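Take a look at the structure set out below.
The numbers here are math on the coordinates, done by the rules we state, and not lab data. The structure displayed is predicted, hence computed values, not measured ones. Glycine also receives a Cβ, built like all others from the backbone with ideal geometry; neighbour counts cover every protein chain displayed.
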Amino acid sequence: MSQVSLFGLQIQNVKLTEASSCIIYDAKLDVRHKIYFINAHCINTAAKNVQYQSVLHEKGVLLFADGIGMRLASKVADCQFIDNVNGTDLFPVLCQDAAKTGVTLALLGARPGIAQRCADNMRKQFPDLNIVFIHDGYFNAESESEIIKHINDSNAHILFVAMGVPMQEFWIDRNAEKLNVPIILGVGALFDFYSGAVPRAPIQIRKLGLEWLFRLILEPRRLFVRYVLGNPVFIMRMLWRRLRGQKFLQEAPLINDGKEKL
């Protein structure tokens, strides 16, 4: 897989189907990766949170670009992404490939019942899909070790963690060494979409890069800060860095000495 450097992060530059094939291949060979999807909100979060940015640079981490903001940034940096490899679009491709190859999945996160409904829907779509562990994201620190034990006992090849940014990345980073799962992905609201709890934007809206607007209309209170305030901040951050030079947009870290550079 080739890479694109943006905001000081090394992001994989592949087609959606190629990303799935590589993940399935590494899962079967027990090659360990932590996988995160980077969008405009993630860049804004990393610019203010030293711990989160550090997690994105950890050894064994694979990053994929998610959404219109990252696509725009790659164009401005003259290093355009091949595809929009977001977790929501990647999930059914991974499920299809996992069903064909016997790779087993585990789902952790979201509200009670959501992960189960997501699993039921994907099993209907792919009858050979083997989901060996399902648990919601509402558990306390005392039960975490028991949940990790159950995940390990399930012999899952791929674990999807849906807790939102940056909580899911912190959870994965903290527990990756305790887990016997080769591939661990942070997937945000993915279970909500595939459980049917939250509708996805129509395909034409997604192709236009306006899925964020569709989500904002559905959940204005929850997403107002992320999109109405966050998107302009991301654009200003991108343009300011581009004015410093193409290499600065590509390679300079978002945080230096703990101070935001915008």
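Distances between placed amide hydrogens fall under 5 Å for His33 paired with Ile183, Ile184, all partners being 5 or more residues away or on another chain. Listed by chain and number, the lysines whose alpha-carbon sits under 16 Å from that of Lys207, ignoring those within fewer than 8 places in the same chain, are Lys15. Close amide H contacts of Ile38 (hydrogens built in the peptide plane, cut-off under 5 Å, sequence separation of 5 or more or a different chain): Phe64, Ala65, Asp66.
The residues neighbouring Lys15, those whose beta-carbon lies less than 15 Å from its own, together hold a net charge of -4 under the Lys/Arg +1, Asp/Glu -1 convention.
Looking at region 1-92, the DSSP beta bridges with both ends there are about 40 percent antiparallel. Neighbours of Asn152 by Cβ distance under 15 Å: Lys/Arg scored +1, Asp/Glu scored -1, total -2.
Here Asp120, Asp66, Asp26 are placed in order of increasing Cβ neighbour count within 10 Å, fewest first, which gives Asp120, Asp26, Asp66. With 31 Å as the limit, the listed pairs Lys178/Lys247; Lys59/Lys247; Lys59/Lys124; Lys48/Lys100; Lys48/Lys247 have Lys178/Lys247; Lys59/Lys124; Lys48/Lys100 beyond it between alpha carbons.
Just report the Cα centroid separation between region 1-72 and region 133-174, whole Å. That distance is 19 Å. In the chain, the calculated helix contribution to ellipticity at 222 nm averages -14500 deg cm²/dmol per residue, counting -39,500 (n - 2.57) for every DSSP H run with n ≥ 4. For the Cα trace of the chain, dividing Rg by the Kirkwood Rh returns an Rg/Rh value of 0.95. Among Tyr25, Tyr36, the ranking by other beta carbons within 10 Å of each residue's beta carbon, starting with the fewest, stands as Tyr25, Tyr36.
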